[in-house]
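The values are calculated or read from the model by the stated rules, or taken from the named source; none is laboratory data. Here the structure is a predicted model, which means the values were calculated and not measured. FYI the Cβ positions are ideal-geometry reconstructions off the backbone, even for glycines, and counts take in every protein chain you see. Note: areas computed on protein heavy atoms with side chains; ligands, DNA, RNA excluded. Shrake-Rupley method; radii C 1.70, N 1.55, O 1.52, S 1.80 Å.
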Amino acid sequence: MGAMTDSGWRLTEFSPGAGCACKLPLGKLEELLAAAGGGLAPASGRLAAGGELLVGAREGDDAAVVRLDADRALVFTTDFFTPIVDDPYDWGRIAAANALSDVYAMGGAPLLALNLTAWPSATLPMELLAEVLRGAAEVVSDAGAAVVGGHTIDDPGPKYGLAVVGLAEPGRLFAIDQLAAGDTLVLTKPLGTGVITTACKRGAASSDQLAGAVATMATLNAAASEAGRAAGVRAATDVTGFGLLGHLHRMLRASGLAAAVTAEQVPLLPGARELADGGHISGGTRANIDYLQSSVTLPAQLPAALRYLLHDAQTSGGLLLGAPGGGDALLRELAGRGVPAAAIGQVRAGEPGQIVVEPG
Ligand SMILES: Nc1ncnc2c1ncn2[C@@H]1O[C@H](COP(=O)(O)OP(=O)(O)OP(=O)(O)O)[C@@H](O)[C@H]1O
Ligand SMILES: [Mg+2]
């Protein structure tokens, strides 16, 4: 692993906005989905082919969910992006953990996955793509699921991801609109993958800093999701391209509530703060700051690096969960499974979607 792969190819040179920082900005996505209109959302939950749609396009949640019977629901999601690191094996692992994460963010467990693959076969060796697929298959297998097929196109920009089907219990789903006033907000991975991978593209991150980011991005949110289920959590999402504050804003808006976040409590990856100070800010992060301007109140004395990191476009970030009361039961379940986690704020009544950041 490192800035240069063994083959000498720098995959990130094929990537204008690395990983989830290449997601369409939230404002543009919302306009698009509004323009595409009702065709994306069936009028009723009953599906013509059978089953009941519990979560669909209307909810804008991490994945769609269809109830099969009283005890079982299918979870559907897909995610793909451009190279986030130069090492193809690591890119595959990260892309897989990221795609599987939306199933965990609904409280489900992955069952099957399909590879979504775009590759410039005349420019980049196919051996690198094989490494991407090998890394991803390992992570899918660690998740207890299997890669059962895929689709591959020739494309000047390499892209990779998965379509995933998972299983969940209909009565124990996590949804973005289920936060309650008084919930404690718990985050299960440190922030900073956007800053570190952006710095890495510019040759400014150390190999240790990159290794820290890769390790967290390749980590499954499986144990965090299990802990959430064990603690009776009802509301969760995964933190990706819209950053911590962007994803929190979406949960709050959907739940009709506001929140306070304590900047000092938010865990950061080693090196993230220094590299944010150094100005290694992705375009996706800047889009998040613009979009959230009227929804987020920041303290005047908040250091610029922290402001960037709270908006930092994450790839394969942690789960953001709403836990009843002080969140002690959830924090215990997480600690018992070895998941590093922090209570970072509180949900409260207020104008839907508004976030006040407090210094400490
Ligand atoms: N092209 C599209 N057509 C229909 N729905 C879309 C499209 N793109 C995004 N969405 C929906 O918009 C919502 C937000 O998209 P987003 O990609 O942020 O969700 P996500 O899958 O949770 O992302 P992530 O994988 O980064 O966690 C989701 O409900 C998603 O299904
Ligand atoms: Mg998600």
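Checking Val132, Val165 one by one, the residue that is open to solvent by less than 10 Å² (accessible area, probe 1.4 Å) and touching a residue at least 40 places away in the same chain (Cβ under 8 Å) is Val132 and no other. In this structure, is Ala213 outside the structural domain of Leu54 (by TED's automatic domain parsing), buried (at least 22 other Cβ atoms within 10 Å of the Cβ) and without any contact (Cβ under 8 Å) to a residue 60 or more places away in the chain? It is true that Ala213 is outside the structural domain of Leu54 (by TED's automatic domain parsing), buried (at least 22 other Cβ atoms within 10 Å of the Cβ) and without any contact (Cβ under 8 Å) to a residue 60 or more places away in the chain. Residue by residue through the stretch 218-239, note down the ones that are under 12 Å from the mean Cα position of the chain (by Cα) and open to solvent by less than 10 Å² (accessible area, probe 1.4 Å). If the condition is that a residue be under 12 Å from the mean Cα position of the chain (by Cα) and open to solvent by less than 10 Å² (accessible area, probe 1.4 Å), then Asn221, Ala236, Thr237, Asp238, Val239 are the ones that fit. State yes or no: is Ser121 more than 16 Å from ligand 2 (Cβ to nearest atom) and free of Cβ contacts under 8 Å to residues at least 24 places away in the same chain? It is false that Ser121 is more than 16 Å from ligand 2 (Cβ to nearest atom) and free of Cβ contacts under 8 Å to residues at least 24 places away in the same chain.
In the stretch 191-208, of all residues being more than 13 Å from the chain's Cα centre (by Cα) and open to solvent by less than 40 Å² (accessible area, probe 1.4 Å), the one that is farthest from Asp177 (Cα to Cα) corresponds to Ala205.
Evaluate the stretch 318-336: report whether one residue or more is surrounded by 24 or more Cβ atoms within 10 Å (Cβ to Cβ) and of a type outside the set (A, V, I, L, M, F, W, C). Among the residues of the stretch 318-336, at least one is surrounded by 24 or more Cβ atoms within 10 Å (Cβ to Cβ) and of a type outside the set (A, V, I, L, M, F, W, C), which makes the answer yes. Screening Leu252 against (1) touching a Ser or Thr at 6+ places or on another chain (Cβ under 9 Å); (2) open to solvent by 10 Å² or more (accessible area, probe 1.4 Å); (3) within 16 Å of ligand 1 (Cβ to nearest atom) leaves a single unmet condition, (2).
No other residue among Ile289, Ile281, Ile344 is on the phi < 0 side of the Ramachandran plot and in contact with a Phe, Trp or Tyr (Cβ under 7 Å, 6 or more places away or on another chain) apart from Ile281.
Would you call Ala258 in contact with a helix residue (DSSP H, G or I) (Cβ under 8 Å, 6 or more places away or on another chain), farther than 25 Å from Pro25 by Cβ and not assigned by TED's automatic domain parsing to the domain that holds Ala143? Answer is no for this residue.
Suppose we keep only residues that are open to solvent by 30 Å² or more (accessible area, probe 1.4 Å) and farther than 16 Å from Val347 by Cβ within the stretch 255-267. Which one would you say is nearest to ligand 2 (Cβ to nearest atom)? This residue is Pro267.
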